[in-house]
Amino acid sequence: MTPFFYTYILLWVTACVTALILMYQNHKSIILFQKNYRDFLKIKWKLTTFIIATSAFVILTPYAGIPTWDYFNAVFMSILTFISAPWSIGTLFRFIKRQEKLKIAYITVCAWMFSTSWSYDIYLVFRDGAYPNTWLPNIFASGVIYASAGLFWNLEYREGRGVIFGFMENDWPNTNSATGFNKILFYAMPFMILAAAVFVPFFI
């Protein structure tokens, strides 16, 4: 690897270690670790769509023609996305609305980057012995999927308001507003299409 990639690894590892320290210091106030967030993810339609999406990524792996995409990173990146993307999107929205602290937003950005890029990069470094030449385009491609997934799994129906993103409400994440998928299907379609569209060029 070139000196650039050694420096890049050092920088993002330092960023992640800093985020882990902040995470440990603030774990009681981080929604990601709270029971209601776990219950929020366990809503039936979210688990079902996660399983379907992950299965699709795994099944399509040998047909994509992407040397850096294999069964293992298809699975672990899907899991990281499901666990963290809804929280990341919601937390960043709350930060913009001045409802969340800067240090929590920093943790969120590191979680986003680790889920979409850095975990992928370091896995391929160990697998192939070199930094992947797809590292930069992957940040954008995986970032689109991650953001779409985070928005998608935050969709919910509220009486009197219709379909909204759950993080727009002060009680987020709220499992009492568990929504049947049929009520949000129309609004969910653009996010599913956008995520799928990222992969279309690899199969043409």
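Here are a few things to note about the model shown:
- Computed FRET value (nearest 0.05) for ARG38 with ALA64, which takes r as the C-beta separation and R₀ as 35 Å: 0.65
- Short to long, the 5 Å bins of the Cα pair-distance histogram for the stretch 3-203 hold 1, 7, 15, 19, 19, 16, 13, 7, 3, 1, 0, 0 percent of all pairs.
- Residues whose amide H lies under 5 Å from that of VAL198, counting only those 5 or more places away or on a different chain, are absent; hydrogens are built 1.01 Å from N in the peptide plane.
- Between 0 and 90°, nearest 10: helix 119-128 axis offset from the chain longest Cα axis: 30
- Cross-link reach list, lysines versus LYS183, counting only Cα pairs under 24 Å and skipping chain neighbours closer than eight places: LYS42, LYS44, LYS46
- Helix-only [θ]222 nm of the chain, DSSP H runs n ≥ 4, -39500 (n - 2.57) each, per residue, nearest 500: -21000 deg cm²/dmol
- Annotation: amide H of VAL163 within the under-5 Å range of ARG158, sequence separation 5 or more or interchain, hydrogens built in the peptide plane.
- Here the relative contact order of the stretch 81-204, from alpha carbon pairs under 8 Å that lie six or more residues apart, stands at 26 percent.
- Vicinal HN-Hα couplings computed from phi for the stretch 149-156 (Karplus, 6.51 cos²θ - 1.76 cosθ + 1.60; Hz; Gly/Pro x): 5, x, 6, 4, 7, 9, 5, 7
- Within straight-line cross-link reach of LYS103, aspartates and glutamates at Cα separation under 12 Å, skipping those fewer than 8 residues along the same chain: none
- Placed amide H near LEU155: partners under 5 Å, 5+ positions off or other chain: GLY166
- C-alpha long axis of helix 181-197 to longest principal axis of the chain, angle in °: 20
- Compared with the alpha-carbon gap, the fully stretched path from PHE76 to LEU11 is longer by 21.1 nm at 0.36 nm per residue.
- Taking 20 Å as the straight-line reach from the Cα of LYS35, the aspartates and glutamates in range (excluding those fewer than 8 positions away in the same chain) are GLU100, GLU156, GLU169, ASP171.
We did not get these values from a lab; they are worked out from the coordinates using the rules stated. Everything numeric here is computed off the predicted structure, so don't read it as measured data. Cβ coordinates were reconstructed from backbone atoms using ideal geometry, including for glycine residues, and neighbour counts include every protein chain displayed.
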